[in-house]
Amino acid sequence: MASGKNANSRAKSAAAARERVAAAQAEAKRKARRGKMIFRGILALLLAGIVGTITAVVLASQASADIAGVKSFSGLSRNHVTTPVTYPQTPPVGGDHAPVWLNCGVYTAPVANENAVHAMEHGAVWVTYQPGIGAGQIATLSADVHGKAYTVLSPYPTQPSPITVTAWGKQLNVDSATDPRIAKFISKYMQGPQTPEPGAACTGGTGTPSGS
């Protein structure tokens with residue numbers, strides 16, 4: 001009988017030991033899973049922080065990438081008027097304007113300020129030049145606006161600078177059509193964030209451009 005009791009006791013001890021081992025293994029697995037979840041959570045937070053930092057740096061770089069020489073104007077009125085407007089800038093950078101916008105494109109003769117200003121309200125960039133700058137420079141400017149739906153090119157005999165690039169509330173004066181700031185200005189401000197009515201039409205208005 002004693003030997004039988006000893007055998008039963010050993011069996012119970014072995015079973016208890018197996019249970020303790022199984023419990024320990026299960027606990028270890030649970031801890032490992034928790035550890036993985038915590039690690040993944042921390043990794044996700046770190047990645048989100050890195051992405052956010054990179055995005056902020058990129059946006060800050062873009063915002064600070066100002067184009068040298070660009071002047072900004074604020075507080076521009078936007079009333080529709082049917083009479084001529086006297087603008088403080090030449091060419092104008094915004095303000096009251098005609099009810100009908102100027103069709104975007106290339107013009108070989110001066111266009112009305114009031115219609116051009118309305119086109120800029122819709123997001124157009126207006127490139128103007130003194131007629132005497134020469135055919136070569138005019139051809140270069142035409143190439144700058146070629147294929148760009150929201151651009152206007154026209155002569156402006158009374159402007160003080162050989163070439164002026166204007167968007168709503170923004171203006172840049174340059175001396176040469178080869179100045180790289182022209183293309184940068186068009187890229188930044190055509191339908192740019194300063195546009196009062198982005199996406200509004202630049203066709204279907206007034207004026208017959210000769211080409212683009």
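Filtered by the rule that a residue be among the aliphatic types (A, V, I, L, M), within 21 Å of Thr208 (Cα to Cα) and modelled with pLDDT of 95 or more, region 146-181 gives Val152, Leu153, Val165, Ala167. Could you say whether any residue in region 132-152 is more than 26 Å from Pro84 (Cβ to Cβ) and aromatic (Phe, Trp, Tyr)? There is no residue in region 132-152 that is more than 26 Å from Pro84 (Cβ to Cβ) and aromatic (Phe, Trp, Tyr). Could you please let me know if Val152 is open to solvent by less than 20 Å² (accessible area, probe 1.4 Å), without any contact (Cβ under 8 Å) to a residue 60 or more places away in the chain and under 21 Å from Ser74 (Cα atoms)? In short, no. Considering only residues in region 121-142 that are among the small types (Gly, Ala, Ser) and more than 20 Å from Thr203 (Cα to Cα), the one that is nearest to the chain's Cα centre (by Cα) turns out to be Ala139. Within region 122-132, being free of Cβ contacts under 8 Å to residues at least 60 places away in the same chain and either open to solvent by less than 30 Å² (accessible area, probe 1.4 Å) or in a loop (DSSP other than H, G, I, E, B) (or both) holds for Trp126, Val127, Thr128, Tyr129, Gln130.
Of all residues in region 162-191, those being open to solvent by 10 Å² or more (accessible area, probe 1.4 Å) and either within 19 Å of Val111 (Cα to Cα) or touching a residue at least 24 places away in the same chain (Cβ under 8 Å) (or both) number 14.
Scanning region 98-121 for residues that are of a type in the set (Val, Ile, Thr), open to solvent by less than 20 Å² (accessible area, probe 1.4 Å) and not in a strand (DSSP E or B) yields one hit, Val117.
Condition check for Pro198 on (1) within 23 Å of the chain's Cα centre (by Cα); (2) buried (at least 16 other Cβ atoms within 10 Å of the Cβ); (3) of a type outside the set (A, V, I, L, M, F, W, C); (4) outside any helix (DSSP H, G or I): one failure, at (2).
The values are calculated or read from the model by the stated rules, or taken from the named source; none is laboratory data. Bear in mind that the values here come from a model prediction, so they are computed numbers and not experimental data. All Cβ positions, even for glycine, are placed from backbone atoms using ideal geometry, and neighbour counts span all protein chains on display. Side chains are part of the model used for accessible areas, which takes the heavy atoms of the whole protein and leaves out ligands, DNA and RNA. Shrake-Rupley method; radii C 1.70, N 1.55, O 1.52, S 1.80 Å.
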